[in-house]
Amino acid sequence: MATAPESQDTDPFTAVESLRAALDHVGVVLPSLAAVPESPSLRLVDLGCVRVQAALRLAHALRGETAA
C-alpha cells in the first residue's frame with residue numbers, strides 16, 4: 001500500500017483542497033468536507049456526513065475498483 005507524505009507544515013485548508021480534487025477525480029463528493037479552524041494546532045479536516053452512495057463510491061475508489 002502506498003503511503004502519503006506527511007508534513008507537519010501542511011495547513012488543513014490545503015489538505016482539504018487536495019483531497020477535494022482527488023475525490024473529484026474519482027467522482028466522489030463529500031459536501032461537508034472542510035478544515036476545522038477552531039483547533040489550528042491539531043490541523044483537523046472534517047470529512048462530514050455522506051449518503052450511502054458516496055460512501056460506497058469512496059470505498060470502491062480506495063480499493064481501485066470501478067463503481068457499479
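The values are calculated or read from the model by the stated rules, or taken from the named source; none is laboratory data. Please read all numbers here as calculations on a predicted model, not as lab measurements. In this analysis, Cβ positions are derived from the backbone assuming ideal geometry, glycine residues included, and neighbour counts consider all displayed protein chains. Surface areas here come from the heavy atoms of the whole protein model, side chains and all, with no ligands, DNA or RNA. Shrake-Rupley method; radii C 1.70, N 1.55, O 1.52, S 1.80 Å.
Selection of first residues in the range 6-28 that are surrounded by 12 or more Cβ atoms within 10 Å (Cβ to Cβ) and of second residues that are in a helix (DSSP H, G or I) and of a type outside the set (A, V, I, L, M, F, W, C), restricted to Cβ pairs under 7 Å at least 6 apart or on distinct chains, gives the following pairs, ordered by first then second residue: Gly27/Arg57; Val28/Arg57.
Which one is farthest from Thr10 (Cα to Cα) among residues in the range 48-65 that are open to solvent by 90 Å² or more (accessible area, probe 1.4 Å) and part of a loop (DSSP other than H, G, I, E, B)? Going through the qualifying residues, I end up with Arg51. Out of the range 33-47, which residues are within 10 Å of the chain's Cα centre (by Cα) and open to solvent by less than 70 Å² (accessible area, probe 1.4 Å)? Residues satisfying the conditions are Leu33, Ala34, Val45.
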